[in-house]
Amino acid sequence: MTDAKIDGLVETARLIRRDVVRMIHLAGDGHPGPALSVVDILTALYFSALRVDPARPHWPERDRFILSKGHACPALYAALARRGYFPMEELPGLRSLASMLQGHPDMNKTPGIDMTSGSLGNGIALGLGMTLAGRLRGLPYDTFVVTGDGELEEGVVWEAAMAAYRYRAGRLTVIVDHNKMQSGGTVEAVSGLVPIRPKWEAFGWHLQEIDGHDMGQILEAVAQARRVGDRPSVILAHTVKGKGVPFMEGDNSWHKRVPTREQFEAAMAALGGEE
């Protein structure tokens with residue numbers, strides 16, 4: 001991919017971060033830290049890697065995507081809106097009862113959402129089901145799941161990992177948003193899950209480890225995951241919680257928190273002007 005295209009993706013990610021901060025500020029509720037850490041991954045997927053058609057959100061041959069860490073949905077909603085699934089004017093309705101944009105992704109309310117999510121730990125199992133369904137139906141799509149690292153403490157994650165290897169689910173790719181924090185503290189302190197890499201390798205998955213804020217690395221890892229044959233793939237993406245807003249970066253108090261007016265203005269200034 002050319003430098004100009006990478007620069008375009010970086011700019012889109014910046015705008016999505018502005019959308020996220022604005023949405024949460026207006027809603028008076030939300031999870032800015034987890035949403036901001038995953039923005040670059042979602043941008044790379046929706047604006048380059050995924051085979052999708054916003055005009056046909058239910059196109060049978062589209063690639064599937066599940067945001068298992070559903071509380072980060074403001075980033076997904078902003079990406080979908082900017083990709084053309086629904087008008088940007090819907091974004092200020094985040095978390096209001098009459099809105100299509102609920103506090104966690106709802107496939108029955110929001111165009112472009114392939115699976116309702118938010119009950120942590122379920123996304124990989126659901127993605128495996130989608131992958132196997134595509135195989136049975138002869139449909140040529142790949143399935144991508146973004147999960148948080150804290151989610152990996154759920155037992156169903158490893159049941160799904162075992163089953164995916166058993167059934168040679170080569171069209172399934174999991175991207176772990178490895179920002180090293182969860183609501184109760186650091187992942188290492190809460191569960192001792194770190195290091196994560198050898199655990200996935202022990203389950204037989206093809207593993208890559210990348211900088212989850214580097215567009216080139218994200219896209220190359222996704223391309224490599226598509227080439228590994230019949231092994232499921234996991235991309236361990238090192239990220240920073242609150243990425244893009246200096247006073248939120250690495251501060252776990254922003255896991256679920258709403259910026260004041262002054263904080264909102266400071267965040268938007270840090271993220272630069274509109275397009």
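The values are calculated or read from the model by the stated rules, or taken from the named source; none is laboratory data. Note that the structure is predicted; figures quoted are calculated from it, not measured. As a convention, Cβ positions derive from the backbone with ideal geometry for all residues, glycine included, and neighbour counts pool all protein chains shown.
Numbers below:
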{"item": "Residue check, residue 228 outside any strand (DSSP E or B), out of contact with any helix residue (DSSP H, G or I) (no Cβ under 7 Å at 6 or more places or on another chain), touching a residue at least 24 places away in the same chain (Cβ under 8 Å) and surrounded by fewer than 22 Cβ atoms within 10 Å (Cβ to Cβ)", "result": "yes"}
{"item": "Any hit, the stretch 186-202, residues being surrounded by fewer than 19 Cβ atoms within 10 Å (Cβ to Cβ) and acidic (Asp, Glu)", "result": "yes"}
{"item": "Meets criteria (surrounded by 16 or more Cβ atoms within 10 Å (Cβ to Cβ), farther than 29 Å from residue 154 by Cβ and either in contact with a helix residue (DSSP H, G or I) (Cβ under 8 Å, 6 or more places away or on another chain) or not charged (D, E, K, R) (or both)) for residue 248", "result": "no"}
{"item": "Residue 240 closer than 20 Å to residue 48 by Cβ and surrounded by fewer than 20 Cβ atoms within 10 Å (Cβ to Cβ)", "result": "no"}
{"item": "Residue 149, sole failed condition from (1) touching a strand residue (DSSP E or B) at 6+ places or on another chain (Cβ under 8 Å); (2) closer than 24 Å to residue 49 by Cα; (3) surrounded by fewer than 22 Cβ atoms within 10 Å (Cβ to Cβ)", "result": "(3)"}
{"item": "Within the stretch 1-119, helices (runs of 4 or more DSSP H) holding 2 or more residues that are of a type in the set (D, E, K, R) and surrounded by fewer than 22 Cβ atoms within 10 Å (Cβ to Cβ)", "result": "3-27, 73-83"}
{"item": "All positions within the stretch 158-180 that are hydrophobic (A, V, I, L, M, F, W, C) and either surrounded by fewer than 21 Cβ atoms within 10 Å (Cβ to Cβ) or modelled with pLDDT under 95 (or both)", "result": "158, 162, 163"}
{"item": "For residue 138: the one exception among (1) at pLDDT below 95; (2) on the phi > 0 side of the Ramachandran plot", "result": "(1)"}
{"item": "Identity of the residue in the stretch 251-260, surrounded by fewer than 22 Cβ atoms within 10 Å (Cβ to Cβ) and touching a helix residue (DSSP H, G or I) at 6+ places or on another chain (Cβ under 8 Å), that ends up nearest to residue 186 (Cα to Cα)", "result": "252"}
